[in-house]
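Engineer: Quick one: structure below, then a few questions.
The values are calculated or read from the model by the stated rules, or taken from the named source; none is laboratory data. Values in this document were obtained by computation on a predicted structure and should not be read as measured data. Ideal geometry is used to build each Cβ from the backbone, glycine not excepted, and the neighbour counts take in all protein chains shown. When the accessible area is computed, the model is the full protein with side chains, heavy atoms only, and any ligands, DNA or RNA have been set aside. Shrake-Rupley method; radii C 1.70, N 1.55, O 1.52, S 1.80 Å.
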Amino acid sequence: FRFKDSLAEDLGRADLVISHAGAGSCLETLEKGKPLIVVTNEKLMNNHQLELAKQLDRDGHVFCCNCSTLVETLQSMDLSTLKPFPPGQPEKFALFLDKVVGFQ
């Protein structure tokens, strides 16, 4: 999609998601429990997306590839090997932030 207000409905229906490595796209897909192939753009400068994609791949949550290896990834992937992404814990972050700024 070039632009869409929300992908929630599409993600809900998806059996597999192929996406760029933007943090929002990755996290929204993983939070929905959908298998994800992250296609990195190696032409981006200071590519933080590549760092995120590689870490999620190392942790076993996604398959990471680039445009030239996408077909090979689709042919060789085993979705049963993907690990569920752990749910967020915003309360832990709030406690940490309170401690850092001196509210505790």
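Engineer: In Å², what does the accessible area per residue of the chain work out to with a 1.4 Å probe?
Structural biologist: So the chain comes to 74 Å² accessible per residue, rounded to a whole number.
Engineer: Could you tell me what % of all Cα pairs in the chain have separations over 18 Å?
Structural biologist: 54 percent
Engineer: Still on this structure: Who wins for biggest fluctuation among His61, His48, His20 in a Gaussian network model of the chain, springs between alpha carbons below 10 Å?
Structural biologist: Among His61, His48, His20, the largest GNM mean-square fluctuation belongs to His48.
Engineer: Apply the Karplus parameterisation 6.51 cos²θ - 1.76 cosθ + 1.60, with θ equal to phi minus 60°, to every residue of region 23-28 and state each ³J(HN,Hα) to the nearest whole Hz, in sequence, with x for glycine and proline.
Structural biologist: 4, x, 5, 5, 5, 4
Engineer: Let me ask another. Using every Cα-Cα pair within region 64-104, state what percent have a distance larger than 15 Å. Write out the running numbers ahead of the final one.
Structural biologist: Details: 529 of 820 pairs.
Of all Cα-Cα pairs in region 64-104, 65 percent lie more than 15 Å apart.
Engineer: With a 1.4 Å probe and all protein chains left in place, how much of the accessible area of the chain comes from carbon and sulfur atoms, in whole percent?
Structural biologist: For the chain, the apolar C and S fraction of the accessible surface comes to 56 percent.
Engineer: Leaving out same-chain residues fewer than 8 places away, which lysines sit with a Cα under 26 Å from that of Lys83?
Structural biologist: Lys32, Lys34, Lys54, Lys92
Engineer: Further question on the same structure: If packing is taken as the average count of other Cβ atoms within 10 Å, what order do 31-39, 9-17 fall into, highest mean first? Numbers along the way, then the final one.
Structural biologist: Values: 31-39: 18.7, 9-17: 12.1.
My ranking of the peptides, most packed first, is 31-39, 9-17.
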